[in-house]
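Structure record follows, encoded as structure tokens.
Just so you know, all these numbers are worked out from the coordinates, no wet-lab data involved. Computed from a predicted structure; not experimentally measured. Cβ sites come from the backbone with ideal geometry, for glycine too, and all protein chains shown count toward neighbours.
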Amino acid sequence: MTNREKYDQVFIDSFSVTKDQLNEGLVYQSVQQWDSIGHMGMVAALEESFDIMLETDDIIDFGSYTKGIEILSKYEVVI
Amino acid sequence: MKSFFNDLECFSNSIVFSTKSEQITYEHLLKDIQEFSIHVKSRKLAFLLCENSIECVLGYLACLRAGVVPLLIGSSIDEELLLNLIVTYHPNFIWASRNSDLFNEKWKMIHSNRSYQLLERTDQFEHSFHPDLALLLMTSGSTGSPILVRISYKNLIENANSISQSLGISQHDIPITTLPMNYTYGLSIINSHLLHGCQIVLTEESILSKNFWDLINAKRATTFSGVPYTFQMLRRLGFEKMHLPNISKITQAGGKLDLSMVKYFAEACADRGIQFFVMYGQTEATARMSCLPAKDALRKAGSIGVPISNGSFYLLDNVENVISVSDEVGELYYKGPNVSMGYANALSDFSKGDENEGVLATGDLAKMDEDGYYYIVGRKKRFIKVFGNRISLDEVENLCFKNGYYCICIGIDDKLIIYTTQENLLKELKDTVSTKIGIHHSAISVRYISDFPRNDSGKILYSNLQVD
């Protein structure tokens, strides 16, 4: 699995979205399942998939599918 | 006793509400309430589709002052469920965001304030309300036909006063909302602070959004509250390292927080001079019944504390005898002036008087230690708390059955487990339940089972099912 595939799978599993919803329009609270509970689930899943530990500010800033790619690059994860 | 909705006049020039973009004084609030009140009549029913905004809270206060009985409903309610409620209870008014578009020619817009509009039904309907009935709240989650709790004016006033005593609320406290106002615990925070002329920061932002923390700092909010899940998130965010210079009080209720989490927050708060209060309550008791004083947070970690002022607890054993010794488990009963009048399932229940007579069987199993502090140890009834909301397992089973699924439910807090014999419908069942009861799908686990475990008489053996 490539990093992109792993990243996408986390979103699909966490928010019950389809592949074609994975774009810049997928932001926090834009779909019903991306609420605070879904958000924490996504964070945990990303941490497990990429073996990283996100900082407080990054968890709070992680407001969209595209923003997440930028944030993960800080942890040397290239999507 | 002072009333948080009738005695607002004395705080005239203080700020009452602030939001990201606005702040208003008590005087300004009273003017807005006055304008709203012209359009409503006493002893009518109003549905309030709630969000934490100035316009929504002022509608709530205007109703209480005018003798209109409001039913508080979350603005994200399932549309079918809302229509059911309208058909069942015939509201005369609906106070909702202009964005809600499910209203038709039966409704006429008669007033508006900021983003909200007041709709009046075009055909008249007369309710028969008991004179003490002040407010209706929904309980037991949102499974199909929600049960309403009938709350009196006295319940509201008493509970706001008791809570403010337990927490030592003063005019210097500035709470920021973290819970919906249609949720009893969230509402009680608003009520108990209005009583003291506090400024309340109203927001719909979650603690996971940057806007929330920006707002906390900009408004110098001093206190917030949470359900167990809020504290799990805060811990993951690294609460002990967060920069919160103005926070002086944090309260937790809405379910039992793990002992290790209680200790973590008690310690982290003590280190930073923050008072940490654990509380216990139910909608049936208007909001809250007990409080663990901040000074005991660590020493009595895991306890729900002692009853609030004017309230008392007692425990009954299996044969309904009062337990008089410490450390023996029984069902927890609460007695106090905040115990609601009873439930409503139908329109005719609105005229009923006080059926509880000040006593509530909580359904929780508890024990008391030798110092008089209470501890919840289990539940008598089959329900769980999911993210602070009570979910009846039997109601979930009924809901599934009505929607054509065959299943049985067990669970622990924050985890609903559904066993079904319909192997091909697992995903569909999960989505349906998640949507219908409004809880995140990650809290639901749907599992296949070939046969339900039953005893000789056909009764389901829930204890044979695995939680993990």
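Quick one: order B:C409, B:C10 by neighbouring beta-carbon count within 10 Å, fewest to most.
B:C10, B:C409
In debye, nearest 20, what is the charge dipole magnitude of region B:331-400 about its Cα centre with +1 on Lys and Arg Cβ and -1 on Asp and Glu Cβ, if you could check? Walk me through the numbers on the way to the answer.
Numbers: 9 positive and 12 negative charges, 42 e Å.
That gives region B:331-400 a dipole magnitude of about 200 debye.
On alpha carbon coordinates alone, what is the Rg over Rh value for the protein assembly as shown, Rh being the Kirkwood radius? Mind dumping the intermediate values first?
Details: Rg = 23.5 Å, Rh = 24.7 Å.
Rounded to two decimals, Rg over Rh is 0.95.
Per-residue ellipticity at 222 nm for chain A, helices alone: DSSP H runs ≥ 4 residues times -39500 (n - 2.57), over residue total, nearest 500 deg cm²/dmol?
Dividing the helical sum by the residues of chain A leaves -16500 deg cm²/dmol.
Considering only B:L8, B:A218, B:I274, whose Cα is most displaced toward the positive end of the charge dipole of region B:8-375, charges sitting on Cβ of Lys, Arg (+1) and Asp, Glu (-1)?
My answer, from the dipole projection, is B:A218.
Putting +1 on Lys and Arg Cβ atoms and -1 on Asp and Glu Cβ atoms, find which of B:Q199, B:T230, B:F383 reaches farthest to the positive end of the dipole of the protein assembly as shown.
After comparing all options, I get B:Q199.
With +1 assigned to the C-beta of every Lys and Arg and -1 to the C-beta of every Asp and Glu, and no other charges, what is the dipole magnitude of the protein assembly as shown about the Cα centre in debye, to the nearest 20?
Result for the protein assembly as shown is approximately 780 debye, rounded to the nearest 20.
Classify region B:144-299 as rounded, prolate or oblate from the Cα gyration tensor: take a ≥ b ≥ c as the square roots of its eigenvalues, call it rounded if a/c is under 1.5, otherwise prolate when a/b beats b/c and oblate if not.
In terms of gyration-tensor shape, rounded.
Is it possible to state the helix-based mean residue ellipticity at 222 nm for chain B, with each DSSP H run of 4+ residues giving -39500 (n - 2.57), the sum divided by total residues, to the nearest 500 deg cm²/dmol? What is it? Working shown, then result.
Details: 10 runs with 115 residues, N = 468.
Calculated at 222 nm, the ellipticity per residue is -7500 deg cm²/dmol.
Once you sort the root eigenvalues of the Cα gyration tensor of region A:3-73 as a ≥ b ≥ c, which label holds: rounded (a/c under 1.5), prolate (a/b larger than b/c) or oblate (the other case)?
It comes out rounded by the Cα gyration axes.
Restricted to Cα positions, what overall size does region B:8-375 have along the principal axes? Three whole-Å values, descending.
60, 53, 39
Where does the Debye-calculated log10 I(q)/I(0) of region B:383-464 sit at q = 0.13, 0.21, 0.23 Å⁻¹, using only Cα point scatterers of equal weight, no solvent?
Taken in order of the listed q values, log10 I(q)/I(0) reads -0.36, -0.95, -1.13.
Please arrange B:Y406, B:Y419 by how many other C-beta atoms lie within 10 Å of their C-beta, fewest to most.
Starting with the residue having the fewest Cβ neighbours, the order is B:Y406, B:Y419.
Sort B:H441, B:H196 so that the residue with the fewest other Cβ atoms within 10 Å of its own Cβ comes first and the one with the most comes last. Provide the component values of the computation, followed by the final result.
Numbers: B:H441 22, B:H196 17.
Lowest count first: B:H196, B:H441.
Choose one of B:L365, B:I449, A:V78: the residue whose Cα lies farthest towards the positive end of the charge dipole of the protein assembly as shown (beta-carbon charges +1 Lys, Arg; -1 Asp, Glu; about the Cα centre).
The listed residue farthest towards the positive side: B:L365.
Only four residue types carry charge here, +1 at the Cβ of Lys and Arg and -1 at the Cβ of Asp and Glu. Report the dipole size of chain B about the Cα centre in Debye, rounded to the nearest 20.
In debye, rounded to 20, chain B gives about 640.
Can you tell me, using C-alpha contacts under 8 Å and at least 6 residues apart, the relative contact order of chain B as a whole percent?
12 percent
Taking the Cα-to-Cβ direction at B:R114 and at B:D456 and moving 7 Å from each Cα, how far apart do the two end points lie in nm?
6.5 nm
What does DSSP give for region B:8-375 in terms of the percent of beta bridges that are antiparallel, rounded to the nearest 5?
The answer is about 65 percent antiparallel.
If you average the C-alpha positions of region B:353-392 and of region B:116-175 separately, how far apart do those two centres end up, in angstrom?
Taking the Cα centre of each part, region B:353-392 and region B:116-175 sit 21 Å apart.
With 25 Å as the limit, write out which pairs from A:K74/B:K430; B:K210/B:K249; A:K67/B:K210; B:K154/B:K436; B:K219/B:K385; B:K249/B:K335 have Cα-Cα distances beyond it, or answer none.
Over 25 Å Cα-Cα: A:K74/B:K430; B:K154/B:K436; B:K219/B:K385; B:K249/B:K335.
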